[in-house]
Amino acid sequence: MAQRQTLPVLPLRGTVIFPGVTQPIAAGRPGTLRAIESALKGDRVVFAVAQRDNTDEPTPEILYSTGVIARIGQIQRGLGGVQLLLQGEQRATALQYSTTEGHLTAVVIPAEEMLPLNERDPAFEALHKETRERAAELGERRGLPEEVVHQVLDSVTEPGKFADLVAGYIELTVPEKQGLLETLSVEERLRRVLVHVQRQIGLLEAQEDIKSAVQEELGERQREMFLREQMKAIQKELGDDDQSKELEELREKLGKLELPKEARQEVERELGRLERAGRESMEAQVIRTYLEWIAELPWNTRSDDQLDLNRASAILEEDHYGLQDVKDRILEFLAVRELRARQVAEEVEKTGEVPAAKLMPDGDDATPTLQTSTNDAERQITDAKEAKARAMARGPILLFTGPPGVGKTSIAKSIAKALGREYVRVALGGARDEADIRGHRRTYVGALPGRIIQGMKQAGSKNPVFLLDEVDKLGHGFQGDPAAALLEVLDPAQNNAFVDHYMGVPFDLSECLFIATANFPQNISGPLMDRMEVVEFAGYTEREKAEIAKKYLIPRQLEESGLGDKNVAFTDDAVMRIVSEYTREAGVRQLERQVGAVARKVARRVAGGDLEVLADNTIDAAEVRELLGRPRVHPEKVGERNEVGVATGMYYTPMGGDIMFIEAAIRRLTGARRSNDSADDQMQVSGYGNVSLILTGQLGDVMKESARAAMTYATTHASSLQIPEDRLGSIEVHVHVPQGAIPKDGPSAGTAMSTAIVSAMSGRPVRRDVAMTGEATLRGRVLPIGGVKEKVLGAHRAGITTIILPKANEADMEDIPEEVRSQLTFHTVDTLDEVFDLALLPAAKPVNTPKTEMEVAEEEAALR
């Protein structure tokens with residue numbers, strides 16, 4: 001009886017080891033590593049058995065019962081585990097699996113082979129010989145040298161060991177190999193191995209047949225390509241070559257272009273490559289696409305400028321209401337171009353020659369067309385046109401800044417219309433890749449030129465009005481900074497030789513009229529901002545909005561709603577109600593949406609048969625309230641009475657200007673309360689001697705600093721400000737700005753905060769009809785601020801009649817519309833004392849000392 005023995009178990013995933021076969025194994029599982037260490041401490045023998053499932057944590061249930069007693073040979077340790085050589089020695093059957101010291105062990109008993117009854121039996125010998133021959137054939141078909149195959153197979157003479165050797169090296173699944181391992185009969189094992197070997201040989205023969213068929217097919221294709229090339233040669237001899245015709249047409253089209261020297265050289269080089277490349281090759285398609293881009297660009301095509309200032313002024317007035325400063329700047333721009341064009345024309349008429357200084361800088365390098373002029377007169381006319389265009393090309397690059405909806409983009413269209421030029425718009429909002437501006441290099445698959453060159457192709461003219469919309473919203477990604485790529489485009493000294501990465505040759509952009517738009521100019525980089533002349537678009541007044549609605553918005557919305565033939569009209573009160581109660585913006589987009597809402601609701605009633613709704617074809621203010629519902633906007637209004645501690649300030653946002661109230665109040669603190677407050681208010685209370693300050697209303701850091709400066713000024717100038725001494729004792733000053741959900745910041749509320757604090761401490765009421773703005777310093781100076789026009793318009797809309805501005809902002813009053821300026825009284829000041837003299841009224845009665853909490857409690861107790 002075979003001797004039992006207990007061995008560490010080495011679970012195998014995806015493989016089976018046979019006796020007499022040496023196989024490398026990689027081990028990394030903790031349990032497997034422990035089993036290997038246990039074997040190394042003994043005689044280096046393990047029980048190698050395959051898993052039924054490919055799991056990381058093997059259990060006795062997933063292990064086969066039949067395996068191989070194997071000996072560990074070489075071993076190499078690494079970071080991820082160990083590499084070892086296992087040499088199978090003998091089949092064995094596991095009688096029992098168990099877990100010992102963190103790894104599996106098995107009680108195994110060797111399994112004896114079943115030898116044939118007669119090894120000299122001719123049938124058995126024939127089976128053995130056939131298996132050897134087929135195994136040798138399989139090895140040779142797999143590409144192994146014949147000598148190596150025979151050397152390995154001849155080294156094993158016993159039939160059983162030979163069957164195990166072949167089974168270990170043929171490609172079988174784990175269950176199939178396990179079946180061979182469990183087959184103890186040598187004759188049966190040889191027969192099964194022969195079947196598997198024959199199957200492998202059949203598979204290899206099928207693969208060779210497929211390979212031969214593929215090679216034969218490729219040979220047919222090569223033969224077809226050869227015949228096609230012969231056909232092309234025959235067609236070329238007969239003069240019937242379509243590809244040659246297309247190439248000649250492309251060459252002729254490119255030859256008519258007046259290209260710079262570098263571009264001409266590149267075109268000739270690419271044409272030569274295209275002629276040498278095959279028609280079906282990928283390179284030919286790339287070259288053809290590139291040359292087609294070259295041919296479609298407007299290298300020398302210009303629009304004839306129409307520089308009639310009266311016509312341009314009429315177009316601008318027809319398309320846009322208001323914006324007089326912007327219109328004046330544009331007309332000045334056109335006037336300068338007209339004078340330059342006249343100068344060139346006069347010099348040509350007097351001298352008969354084109355001034356050298358007016359010629360294009362790259363005129364010497366320009367390649368003449370194939371169809372050159374036959375006389376000097378035509379050439380002079382062409383040079384004169386080029387000089388005129390070149391002279392007109394010089395000029396500033398404009399940047400239109402302002403809130404949304406004020407007409408920046410639409411007025412650029414009007415400029416193109418007034419000039420008679422093509423109009424191209426490129427939206428840059430969200431562009432994050434430099435290739436959006438400069439394009440991709442042709443080495444990339446699917447490469448295209450950048451947005452600038454694409455826009456020039458779209459325009460079909462060398463001198464379009466090129467609008468770069470939303471230039472302040474350019475992104476910045478890892479592909480590069482598109483704003484940096486725009487530096488060359490918008491530099492008049494460099495853009496006459498703009499090189500797109502795809503084109504690879506310089507293209508003249510100097511004759512383009514570039515106009516950029518932005519909502520927030522502070523988001524534009526300094527170098528890019530330095531290349532543009534800023535034209536500011538301020539918000540519209542309510543009167544201007546009403547006029548725009550009556551002239552443009554209402555007719556357009558009535559037409560779109562199907563009411564164009566109904567003679568529907570809006571009263572002035574109805575329009576003003578929509579403007580003031582349903583919109584809050586600097587532009588007119590929301591206003592147009594609200595007008596469209598009214599028109600659609602009226603159209604619905606008319607379509608439903610309710611004809612009485614338009615009995616008089618007029619929509620008044622009451623019908624606007626009925627159609628649009630409750631008002632959506634609730635702007636601040638002037639205070640109802642003069643109050644102590646309440647001052648009116650002004651602020652500005654991209655949506656327009658408005659007023660805000662700044663409230664201040666004081667109270668006396670007891671000694672006990674002061675000791676408590678001093679610990680609680682360390683983060684929000686600033687102490688000024690015995691006076692403390694609390695700031696609420698979600699104020700920003702700059703606004704908090706303005707309040708502290710105002711508090712310091714009030715306490716240090718108490719006597720001149722008529723503040724009683726007892727008000728400087730243990731008191732707490734609380735400054736609050738309403739609408740606490742809205743963050744607020746900026747220095748321009750300094751004068752209003754100072755007025756509110758001084759009013760609360762002195763008991764002098766603040767005039768309700770006065771609004772003020774300006775930065776205040778500790779010395780009492782009033783410094784200039786921005787957004788004067790918008791702030792004043794907001795104050796006028798709220799009902800304010802008197803405005804206090806810094807003296808340095810006096811020039812900004814010219815920007816305020818005359819109709820508004822005539823209804824307001826302006827005061828410009830240099831110091832806070834001047835502000836107090838204008839805004840504070842005398843106290844109605846002597847100021848009483850504030851009562852302490854203890855005094856108030858004693859009075860209430862006496863009353864009870």
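The values are calculated or read from the model by the stated rules, or taken from the named source; none is laboratory data. Computed from a prediction, not measured in an experiment: that's the story for all the values here. Here Cβ is always computed from backbone atoms with ideal geometry, including for glycine, and neighbour counts include all displayed protein chains. With ligands, DNA and RNA removed, areas are computed over all heavy atoms of the protein, side chains included. Shrake-Rupley method; radii C 1.70, N 1.55, O 1.52, S 1.80 Å.
Just to be sure I understand: of the beta bridges DSSP finds with both ends in the chain, what percent are antiparallel, rounded to 5?
Working: 61 of 101 bridges.
Approximately 60 percent, going by the DSSP bridge assignments.
Could you give me the ³J(HN,Hα) list for the stretch 711-720, computed from phi with Karplus coefficients 6.51, -1.76, 1.60 and θ = phi - 60°, whole Hz, x at Gly and Pro?
Using θ = phi - 60°, the values come out as 5, 5, 4, 5, 6, 7, 10, 4, 5, 6 Hz.
Excluding ligands, DNA and RNA, what is the solvent-accessible area per residue of the stretch 74-199 at a probe of 1.4 Å, expressed in Å²? Don't skip to the answer; put the middle values down first.
Working: 7210 Å² over 126 residues.
I get 57 Å² per residue for this part.
Round to a whole number: what % of the accessible area of the chain belongs to carbon and sulfur, probe 1.4 Å?
Details: 21790 of 44590 Å².
Using a 1.4 Å probe with all protein chains present, the chain comes out at 49 percent carbon and sulfur.
With θ set to phi - 60°, apply the Karplus curve 6.51 cos²θ - 1.76 cosθ + 1.60 along the stretch 169-181 and write out the HN-Hα couplings as whole Hz, x wherever there is a Gly or Pro.
Each residue's phi maps through the Karplus curve to give 10, 7, 7, 9, 6, 4, x, 5, 5, 5, x, 5, 5 Hz.
Round to a whole angstrom and tell me the spacing of the C-alpha centers of the stretch 316-334 and the stretch 560-582.
Measuring centre to centre over Cα atoms gives 27 Å.
Order the peptides 518-526, 180-188 from the highest to the lowest mean number of other Cβ atoms within 10 Å of their residues.
Details: 518-526: 15.0, 180-188: 18.9.
The densest-packed peptide leads the list: 180-188, 518-526.
Which order do the peptides 142-155, 93-106, 772-785 take when ranked by the mean count of other beta-carbon atoms within 10 Å per residue, highest first? All intermediate terms of the calculation are to be shown ahead of the outcome.
Numbers: 142-155: 12.0, 93-106: 16.3, 772-785: 21.1.
The peptides rank, most packed first, as 772-785, 93-106, 142-155.
Where the centre of each part is set by its Cα atoms, how far does the stretch 409-470 sit from the stretch 51-111, in angstrom?
So the two Cα centres are separated by 71 Å.
Once you've got the Cα coordinates, tell me which of LYS545/LYS601; LYS261/LYS462; LYS417/LYS789; LYS327/LYS550 are over 27 Å apart.
Details: LYS545/LYS601 22 Å; LYS261/LYS462 18 Å; LYS417/LYS789 30 Å; LYS327/LYS550 21 Å.
Check vs 27 Å cut-off fails for LYS417/LYS789.
For ASP436, ASP530, give the ranking by accessible area with the largest first, probe 1.4 Å. Don't skip to the answer; put the middle values down first.
Details: ASP436 50, ASP530 125 Å².
Largest accessible area first, the list is ASP530, ASP436.
With n ≥ 4 as the cut-off for DSSP H runs, can you work out [θ] at 222 nm for the chain, using -39500 (n - 2.57) per run divided by the number of residues, rounded to the nearest 500? Walk me through the intermediate numbers first.
Numbers: 29 runs with 378 residues, N = 864.
Roughly -14000 deg cm²/dmol at 222 nm, from the helical runs in the chain.
Just the accessible area per residue of the stretch 781-832, please: how many Å² with a 1.4 Å probe?
Values: 2160 Å² over 52 residues.
So the stretch 781-832 comes to 42 Å² accessible per residue, rounded to a whole number.
What number, in percent, do you get for the relative contact order of the stretch 398-494 if the mean sequence gap of Cα pairs under 8 Å and at least 6 apart is divided by its residue count?
Details: 131 pairs, mean separation 34.0, N = 97.
Computed over the stretch 398-494, the figure is 35 percent.
Against the 2.2 N^0.38 Å scaling, with N counting residues, where does the stretch 162-229 land? I'd like the Cα-based Rg ratio to two decimal places.
Numbers: Rg = 20.1 Å, N = 68, 2.2 N^0.38 = 10.9 Å.
Taking N as the residue count of the stretch 162-229, the ratio is 1.84.
Quick one: angle between helix 324-351 and the longest Cα principal axis of the chain, in degrees between 0 and 90, rounded to 10, please.
Long axis of 324-351 versus the principal axis of the chain: about 80 degrees.
Probe of 1.4 angstrom, ligands and nucleic acids ignored: what's the accessible area per residue over the stretch 255-316, in square angstrom? If you can, show how the numbers build up before the last one.
On the way: 3190 Å² over 62 residues.
With all protein chains present, the stretch 255-316 gives 51 Å² per residue.
Cβ neighbours within 10 Å, averaged per peptide: list 548-559, 756-767 in order, most packed at the top. List each step's numbers first, then the result.
Working: 548-559: 18.6, 756-767: 24.6.
Result, highest mean Cβ count within 10 Å first: 756-767, 548-559.
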